[in-house]
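Structure first, then comments.
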């Protein structure tokens, strides 16, 4: 029984960008290890804070093998690394496990993983050998683009190993993305490829014969009316209305080719396989018997469709990858899988610190209006939040401690906001009375992702991960409110609340919709979402937050309003994703639900309540502090409960404990 325990799934020379290097290693055996691995193995020249150097002989031996035929160490290195990247992007433990299982299934590997805020302990077995790996991260963060790309990676991986795609209905889009990970705007690549595929489908549909149309329509109708108890129902559901007639035509042609092949073999002749894969990671030869078995089980031939001619370059092998001759055309190699993961891991942020600071400024200024602030409050929050988040991005680039960075950036934001209002007060003394505006300038540090994912993890009975995420949330909030309270004490601020604006209800409702849209867009940019994803989340957030505020104005408790807003956000995100699956929306709009729901409800987090609790606690007004703290607590717990309820209603895997 092969067993291996590691502190990090280090494969060749790929090391997480978040790790810190320290001094040279004093261990004598390091030189021997370096000499024994001449081609890509780990040369241990430094200690890494969050890794233990491993002898990677097993993985190096299988480096250019098809991953389905590799040993358990090579398979586990990919499975666990996918989980590591998903965890580092800020998603919850339930999604990390789901992603790891999705990668393990086509490899015939069973995974048992314990996932926490910054570490994973995973035991993998293929029925013969077993390996246990323990990985951890130095810190945590949010990167919604990475979450989205990892879904496409999982579909690319599964389809190339002969299984169905799970997350997206057109594997060609995932295939194109995996071949163009070096492009800065992967969302545009996805959109362009989706557009070309749809044009091709329309052209093929127009060229199809009337007699064939009737047969294909009947097949489509049958797929839509499959009994849910049928084991094939899940596979048909994934692709149910996205079968184009051109795809069906190719499926029928493949069957005819099989018949011809069997007839030819009966007469001793040889006929080329008409279903030869068109993926770049497959060679032009025949598929091995082991690799062909899962392919024969596939109900869909979407993976066998050729890409549009305009996008032929998207399907060329990446530089430095074998073209397939080295592995006999039997699927993805270990090297190719890690090459893609390397590119996903080392993608630069979509937005510069300056643009992210602008988005933060817009988000917090919008947040202030939704809390009841006026123009002067919004201007102060705009300046303070913009400078604060810009500095935070610059400091995080140097891997400084998160709590230290939070304290410094919130202090800068509060001082900048106050200074801006004092400057305006030289021309209009009314600005000097807006002492509450600096609270809005601090709201860019609210850790919405850990808060929401903590509730979702606990809804899945994963209390260790949920409690850790919730504790992390409260620690960040504590540092932020403490910094704000100290600034208020130094400059003698007295945040008593915002003055009523006295707007017409219809005008106020329209402005709420606009500023909720801008606020959610800004938070999505801060989470590194592509622009299309930002706009979708902003639409959902504008609808849900405007509704929440309107019903609260009509007497609904703020806690119930938060629950209803989060529930509606979850339902709308599910409806959006289902519309993409059913072909009502373009396939490149199939974004992960968590990337749409969390930005849309972050703006509902009661940052004002939490700061007021700390302010009064610092003034030793404990009764008032407790009042604000319990108000904040009730809203905080209602937000993830609302999202969890939406998942229970719309997702069978959440509805039942299995």
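The values are calculated or read from the model by the stated rules, or taken from the named source; none is laboratory data. Keep in mind that this is a model prediction, so the values were computed, not measured. FYI the Cβ positions are ideal-geometry reconstructions off the backbone, even for glycines, and counts take in every protein chain you see.
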Q.
Suppose the filter is at pLDDT 90 or above and either buried (at least 19 other Cβ atoms within 10 Å of the Cβ) or not in a strand (DSSP E or B) (or both); does residue 84 pass it?
A. yes
Q: Might you let me know whether segment 569-577 holds any residue that is without any contact (Cβ under 8 Å) to a residue 12 or more places away in the chain and surrounded by fewer than 19 Cβ atoms within 10 Å (Cβ to Cβ)?
A: yes
Q) Within segment 29-81, can you find the residues that are assigned to a helix (DSSP H, G or I) and modelled with pLDDT under 70? A) 30, 31, 32, 33, 34, 35, 36
Q: Name every residue in segment 135-156 that is assigned to a strand (DSSP E or B) and crowded, with 19+ Cβ neighbours inside 10 Å, in order of residue number.
A: 135
Q.
Which condition from (1) surrounded by fewer than 17 Cβ atoms within 10 Å (Cβ to Cβ); (2) closer than 15 Å to residue 477 by Cβ is the one that residue 622 breaks?
A. (2)
Q: Can you confirm whether segment 478-487 contains a residue that is surrounded by 15 or more Cβ atoms within 10 Å (Cβ to Cβ) and farther than 21 Å from residue 415 by Cβ?
A: no
Q. Counting residues that are within 22 Å of residue 484 (Cβ to Cβ) and at pLDDT 90 or above, which helices (runs of 4 or more DSSP H) fully inside segment 558-658 reach at least 2?
A. 622-650
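Yes/no matrix, rows are residues, columns are (1) assigned to a strand (DSSP E or B); (2) within 21 Å of residue 335 (Cα to Cα):
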site	(1), (2)
97	no, no
103	no, yes
122	yes, no
133	yes, yes
Q.
Show the residue pairs meeting these rules: Cβ distance below 7 Å; 6+ apart or different chains; first residue within segment 177-192 and farther than 23 Å from residue 337 by Cβ; second residue at pLDDT below 90 and in a helix (DSSP H, G or I).
A. 191/588
Q) Across segment 627-647, what is the total count of residues that are surrounded by 14 or more Cβ atoms within 10 Å (Cβ to Cβ) and without any contact (Cβ under 8 Å) to a residue 24 or more places away in the chain? A) 4
Q. From the list 510, 483, which one is in a helix (DSSP H, G or I), closer than 26 Å to residue 416 by Cα and within 32 Å of the chain's Cα centre (by Cα)?
A. 483
